[in-house]
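Just below is one structure, and these are the notes that go with it.
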Amino acid sequence: MKSSNDIDWRFVPFSALSSLELYEMLQLRSEVFVVEQACPFQDMDGADQKAMHLMGVKGDQLVAYARCFAAGEKFAEASIGRVVTHMSARGDGIGHVLMKQAIASLLQHWGPQPIRIGAQARLEKFYNQHGFVQNGRPYIEDGIPHIEMLRVA
């Protein structure tokens, strides 16, 4: 699928990822969540095999990524996580394009339903723009303030 930003989107299970796609996905997540955010944590958490992976490629570069889970995998509700954009692609709204694509892909794959996320608290307003509202108490994960947010069906 192409978007108006000339991004090619793929939404695939773990088993359909090529070795190159897997490498690029893990590299992007490590660049942002570990190095850029100076947060050592175990990114490879054993959940990738249960997820659908949304990858946005522009040219030959992975510029946007998120992983999606069916209800009952991470939370009682379906969920989206590891939402990340490449530093070189920021500033032109690609994060919003990514979230719209992730929500649409999840709902198309599993049907209309609520979606829960565990979001960095500093991004609450960003996720509000996509229909998510705080649901639960703030908590600390890997030294970063987080909140659970829910988007109703």
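Of note:
- By the rule of a C-alpha distance below 20 Å, with chain neighbours fewer than 8 residues away ignored, the aspartates and glutamates paired with residue 58 are 6, 8, 21, 24, 31, 92.
- Annotation: for a label point projected 7 angstrom from Cα along Cα→Cβ of residue 142, residues of the stretch 82-124 with backbone N closer than 18 Å are 82-87, 117-124.
- Taking every alpha-carbon pair under 8 Å whose residues sit at least 6 apart, the chain reaches a relative contact order of 18 percent.
- Mean projection area, nm², convex hull over Cα of the stretch 8-111: 6.6 nm²
- Charge tally around residue 80: other residues with Cβ under 13 Å, Lys/Arg +1 each, Asp/Glu -1 each, net +3.
- Seen from residue 120, the other residues with C-beta closer than 13 Å to its C-beta sum to a net charge of -2, counting Lys and Arg as +1 and Asp and Glu as -1.
- Pairwise label distance in nanometres, residue 92 with residue 10, each label 7 Å out on the Cα-Cβ vector: 2.2 nm
Values in this text are rule-based calculations from the coordinates and carry no lab data. All of these numbers come straight from a predicted model, not from anything done at the bench. Quick reminder, even Gly has a Cβ in these numbers, built from the backbone with ideal geometry, and neighbours come from all protein chains shown.
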